[in-house]
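This report concerns only the one structure given below.
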Amino acid sequence: MVAAAIVLATAFASACQMTHDWHGSPVDPPAPAPALALTAGGGRAFDLAQERGKVVLVFFGYTHCPDVCPTTLADWSKARKLLGADTAGVRWVFVSVDPERDSPDTAAAYARRFDPAFVGLSGTPAQLEAVRAAWGVAAVPETPQADPHAAHGAGQAAPMTMVSHTPRTFVVDGEGRLRLLFDPQSRPEGIAADVKALL
C-alpha cells in the first residue's frame with residue numbers, strides 16, 4: 001500500500017512538471033549536468049555532485065561586469081523572495097569567468113551582496129577554463145581601446161577590461177540533470193515559478 005502511494009505521488013509530481021508552462025527554455029531531453037567543482041569563499045570546496053536533492057541555478061559572470069551580471073543576481077534575489085519557504089531546496093551559484101581579478105573570496109563577497117544565501121565560486125585559470133568548456137560557456141576578455149582625445153594624468157583610472165561571456169542561467173534539478181536555460185530577459189516571477197515546479 002505504501003509503495004503504491006509513493007508511485008502515485010511520483011507520477012502526480014511528474015505530471016505536474018509535464019503540464020507546467022515553462023518560462024525558461026527546457027533542455028529536452030534532460031541531460032546530466034557537467035561537473036562543477038571549484039572553490040567558494042574561505043577556501044571551502046564546492047562540488048555540484050554533492051548538491052543532489054536540490055535545484056541548483058548556475059550563472060557564469062564576473063564581479064566587474066557592468067550590466068548582465070548584477071541584473072541577473074538582482075533578479076535571482078527577487079525570485080528567491082518570491083519562493084518564500086521553498087528556498088531551502090534551492091542553491092544559487094555564481095561562477096566567475098575572470099580568475100585574474102576574482103579570487104574565491106571576491107566572487108563569494110560579490111554574490112552575497114545580492115543575497116546572503118548566494119554562493120560565489122572561482123578557481124585557477126586552468127580550472128575555470130575546464131569548467132567553462134564542459135558547460136559550453138564562452139569568456140573573451142575585451143581590451144579597451146585607448147581614447148586618443150582623452151587626457152591622461154596621475155590618479156586617472158585606466159579603461160577597465162571587460163569580459164564578453166555567455167549570459168544564460170543553467171538550472172539543474174534534484175537528480176543532477178540540466179533541465180532549463182534562462183536568458184537575461186527572464187523575469188523573477190518566471191524563474192520562481194519554474195524553480196517551484198522542479199522542487
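Every read-out reported here was derived from the displayed coordinates using simple, explicitly stated rules and does not represent laboratory data. Since we're looking at a predicted model, the values are computed, not measured. Backbone-built Cβ (ideal geometry, glycine too); neighbour counts: all protein chains shown.
Structural remarks
- Placing a label point 7 Å from the Cα of L181 along the Cα-to-Cβ line, the residues of region 47-63 whose backbone N sits under 18 Å from it are 56-61.
- By definition, a body whose alpha carbon gyration tensor gives a ≥ b ≥ c is oblate when a/c is 1.5 or more and a/b is not larger than b/c, and region 63-105 fits this oblate description.
- Fully extended contour minus Cα-Cα distance, from A88 to A138, at 0.36 nm per residue: 14.9 nm
- Cα gyration tensor, region 70-135 - rounded (a/c under 1.5), prolate or oblate: prolate
- Between the alpha-carbon centres of region 40-54 and region 171-194 there is a gap of 19 Å.
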